[in-house]
Every structure is written in structure tokens, then in C-alpha cells.
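The block underneath contains the structure these notes are about, expressed in C-alpha cells.
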Amino acid sequence: MPARETSGPSARAIALMEQAALRYLARRQRTEANVKEYLRHVGASPTQIRTLVRKFVERGYLNDDSYALGWAGKKLARRPMGRARLEAELWRQGIDRATAMRVVAQVYQEHDERSLAQALLARRPVLLAAGSPSRAASLLRRHGFSEETIEELLGS
């Protein structure tokens, strides 16, 4: 009886991992980091992860630029924030630094940071009515707006 190779997963096991990853991708758009973590979770080796992620990118199933642009646009529509905060949130989504910076630059060509800051303040009229520019400035800082934008809006 010939000896079986036990050094790694069978071709069938690899195909099952790929199918599972494709089902994971079919639910919603994901980042490369999301898929890598998922594949690690289902037991794929680092080599298998690299191979599958490369295959998914080549086929167009994974595109971090597209994901980041869509995610950032939706995020800003729901919750106005400054460049620094948006960039940090993209990093938390698993987007690499270069892609995040590129996407933030592109998104802020379409969205004026000053208008977003005004929209945030409009959601908190108590801060402006109370005549407390320091509290309003603090809110804007927490949401990642630049000091220049804060000074422009609050005049201090």
C-alpha cells in the first residue's frame, strides 16, 4: 500500500477553503485584511492565504480601493468627520496606510471639510446655543477636524 502524503491539506481541503472564502465574500464587500483573517480562522496556511487573496484580487473579487471609497462615502454621509478621523477609521477597517491616504484625499475633493464640520455642529445645536466655543471645538477635534477648520468655523 503506497504511503499517503500528510505534509499539508489535500487539494479538496484547499478547494473547500476557497469555496468558503467565496461565500464569505458573497455576503458583502470585504477588505484583503478581512479575507486573510477569515482564511486564517478556517485553517489556511500563510502560503494558501497569499495564493487565494492574489487570486481574488486578480478576479476582481477583492479591491481595497473600491471598498475604502464606498465605505468612506457612506461613513461621511452618516457621521461627519475630519480627515484624521476618517483615515484612522479606514486603518481600523484593515486598509493599508497608502490606500487610506489616497482615498481620504479623493473623498475630500468631493466633500468640503468645513461643510462637514458645520453639519456636525448643526446636529448639536446646544453647543452653539450655550455659547461655548471651547466645547464645540472639543467636539470637532474628537471628530478629527483640523485646527484650521475649527478656527475658521468658531473664530478663535
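Numbers below:
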item	result
Listing of helices (runs of 4 or more DSSP H) fully contained in region 7-78 that carry 2 or more residues being of a type in the set (Gly, Ala, Ser)	11-27, 64-78
Positions within region 67-106 being among the β-branched types (Val, Ile, Thr) and closer than 23 Å to ALA137 by Cα, in sequence order	VAL104
Some residue of region 131-139 being among the aliphatic types (A, V, I, L, M) and exposed (fewer than 15 other Cβ atoms within 10 Å of the Cβ)	no
Pairs with Cβ under 6 Å, 6+ apart, first in region 98-112 and within 15 Å of ALA88 (Cβ to Cβ), second of a type in the set (Phe, Trp, Tyr) and surrounded by fewer than 16 Cβ atoms within 10 Å (Cβ to Cβ)	ALA100/TRP91
Unique residue being touching a residue at least 40 places away in the same chain (Cβ under 8 Å), closer than 24 Å to VAL103 by Cα and not polar (S, T, N, Q) when the list is ALA26, ALA33, ALA72, ALA68	ALA33
Candidate set from region 27-51 (those that are more than 21 Å from the chain's Cα centre (by Cα) and among the hydrophobic types (A, V, I, L, M, F, W, C)); member that is surrounded by the fewest Cβ atoms within 10 Å (Cβ to Cβ)	VAL42
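Matching residues to (1) in the same structural domain as ARG141 (by TED's automatic domain parsing); (2) at pLDDT 90 or above; (3) under 17 Å from GLU32 (Cα atoms):
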position	(1), (2), (3)
GLY73	yes, yes, no
MET81	yes, yes, no
LEU86	yes, yes, no
ASP96	yes, yes, yes
LEU121	yes, no, no
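The values are calculated or read from the model by the stated rules, or taken from the named source; none is laboratory data. Note that this is a predicted model, so its numbers are computed, not measured. Cβ coordinates were reconstructed from backbone atoms using ideal geometry, including for glycine residues, and neighbour counts include every protein chain displayed.
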